[in-house]
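What follows is a set of notes on a single structure, which appears directly below.
Just so it is clear, none of the values below were taken in a lab; they were calculated from the coordinates. Bear in mind the structure is a predicted one, so any value in this text is a computation, not a measurement. We place every Cβ from the backbone using ideal geometry, glycine too, and count neighbours over all the protein chains shown.
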Amino acid sequence: MSRRIKSTGGQEQTLPIKEKKMLDRVMLYLINQKEHSKSKIKEYQAYRNYILFLIGFNTAFRAEDLLQLRVKDVIKGYVSIKENKTGKMQNFRMNKQLHEEITKYIETYELKNNDYLFMGQKKKDTFQGKTKNILYPITRQNTRLIFRKVAEAVGIDFKFGLHSLRKTFGYMYILNGGNIITLMKMYNHDEPSTTLLYVMWNREDAEREREAVFIGGKK
């Protein structure tokens, strides 16, 4: 089955979240939106958005690959998909806790193998003379509104969008001592310099890390 989400160029550059407190604030906001929903459809949308951010923050998926995910791509806890942009494969076992959260979401809404994880509006689609109601995934346009609301609610004052999730994953990975070569492989980049530039790891980040390190004898 062909993938419907296409990558788009010319977008304004998004930035990663670099502060753990802000990252926690984002996830708490999404959880609260779900827990205080006033209708079933609002609850589904809030839960969907929470899982979207959760997967985005915990994987190295590109935006278009994240939106196109189907239940069958993640249900077994092992991901194997072909990147829309590069044609390269992403093969990895998911974090156990992440997989448990996704499984709970899938079971809550009784999603089937071919269902998109992040469903949007139902549309009529005609094929070979037969018209059916099809549930397509949320679009990039839909997510822009979602991210704008989250940014306003938690006080994010920079360009924040789908690619921010992917970049935040990489930034936090390096911040927590991750290997740049490993991250490069996760991103399917060809050079470490490309990866560092992508996650916005700059001189200020390096100086802050150096200031936090002291190697010396015990007093």
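In table form, for the structure just shown:
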item	result
Whole-Å semi-axes of the chain's equivalent ellipsoid (Cα gyration tensor)	33, 21, 17
Trypsin sites (Lys or Arg not before Pro) within the stretch 9-93: DSSP coil, no more than 13 neighbouring Cβ in 10 Å	38, 76, 85, 88
Relative contact order computed over the stretch 20-211 (Cα-Cα under 8 Å; 6+ residues apart), in percent	20
Calculated FRET value between residue 191 and residue 211, using beta carbons and R₀ = 30 Å, to 0.05	0.60
Neighbour cut-off at most 15 other Cβ (10 Å), DSSP loop, chymotrypsin sites (Phe, Trp or Tyr not before Pro), the stretch 152-218	158, 214
